[in-house]
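First comes the structure, then the notes that go with it.
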Amino acid sequence: LMAAITDDLDDHILNFRNLCGALKLQLKGTAKVKSIELKGNDGEPLSGDATVTIHPSSTVPSLTMTKTAATTVTLDCGAGVQLNETTATDFLIAIPPTAFEKGFTALVTDVNGGVAKIETDKSNTVQRSYVHVMPEVMIEPQHDPSREHYIGKRLWVFGDSITAGVGTTPNFNTSAPTEQRPDVIA
C-alpha cells in the first residue's frame, strides 16, 4: 500500500511512498501451508479501516488504524505452499507500522487443517517501508484437533449391504495394532 501527493492538478509527477512494512516468517519442514494468521499479543490493530495522512511538505506519509480495525491479518496461501526441510520458504505479511511490545503469535494452518503456533513474547517492531525478518522456524504437519476425541475409539457402523461393502471381506482382527484395524480410527 502506497500514497503520493501533488502540489496541484498540473503536477503529474507522483512520488509514491510506502505506508506499510512487512513481517517476514521463514518456515522449514514437511508441511504444506494453507494460511498464516498473525495477531499481536497486546491486541494491536493490523488490518481494516485506516486513515492516511500525507502533506506536500513531507515525504513521509502516515497510516493510523481506526477503532474498527481488526487485530488479526491472514495470509491466504491458496492451494497451499509446500515447505522444504532444508531451505526456508519466505512468507511476507504486509502490516501497518506496528510495535509488538508484548510480541506476537502466528497460527500456521496446513492443508489438512492442523495448526502450528509460532509465538514470541519479545518486543518486535515493524517499520514503514522495511521488512522485519524473523529467524527460521521448523513447521511439521499437525493433526486435525477436531478428530482428537475419536483417536483410539471403536467405530460401529450400522446399515445395509452398501455399508457392509458388498463383495469385500471384513477384517476385524482385534488383536492387530490400532493403526491396522479398520474398526478403530488411528
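The values are calculated or read from the model by the stated rules, or taken from the named source; none is laboratory data. For clarity, every value in this text was computed on a predicted model and none was experimentally measured. Here the Cβ positions follow ideal geometry from the backbone for every residue, glycine too, while neighbour counts run over all protein chains shown. Keep in mind that these areas ignore ligands, DNA and RNA; they rest on the heavy atoms of the full protein, side chains included. Shrake-Rupley method; radii C 1.70, N 1.55, O 1.52, S 1.80 Å.
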Across the range 55-79, what is the total count of residues that are under 11 Å from the mean Cα position of the chain (by Cα) and not hydrophobic (A, V, I, L, M, F, W, C)?
-> 3
Residues in the range 120-141 that are loosely packed, with under 13 Cβ neighbours inside 10 Å and part of a loop (DSSP other than H, G, I, E, B): how many?
-> 3
From Lys117, Lys102, which residue is under 15 Å from Leu38 (Cβ atoms), open to solvent by 80 Å² or more (accessible area, probe 1.4 Å) and part of a strand (DSSP E or B)?
-> Lys117
Unique residue being touching a residue at least 24 places away in the same chain (Cβ under 8 Å) and touching a helix residue (DSSP H, G or I) at 6+ places or on another chain (Cβ under 9 Å) when the list is Gly80, Gly113 | Gly113
Do any strands (runs of 3 or more DSSP E) lying entirely in the range 10-67 carry at least 1 residues that are of a type in the set (Val, Ile, Thr) and either under 28 Å from Gly80 (Cα atoms) or in contact (Cβ under 8 Å) with a residue 12 or more places away in the chain (or both), and which ones are they?
-> 32-40, 50-53, 62-65
Determine if the range 154-171 includes at least one residue that is at pLDDT 80 or above and either assigned to a strand (DSSP E or B) or open to solvent by less than 40 Å² (accessible area, probe 1.4 Å) (or both).
-> no
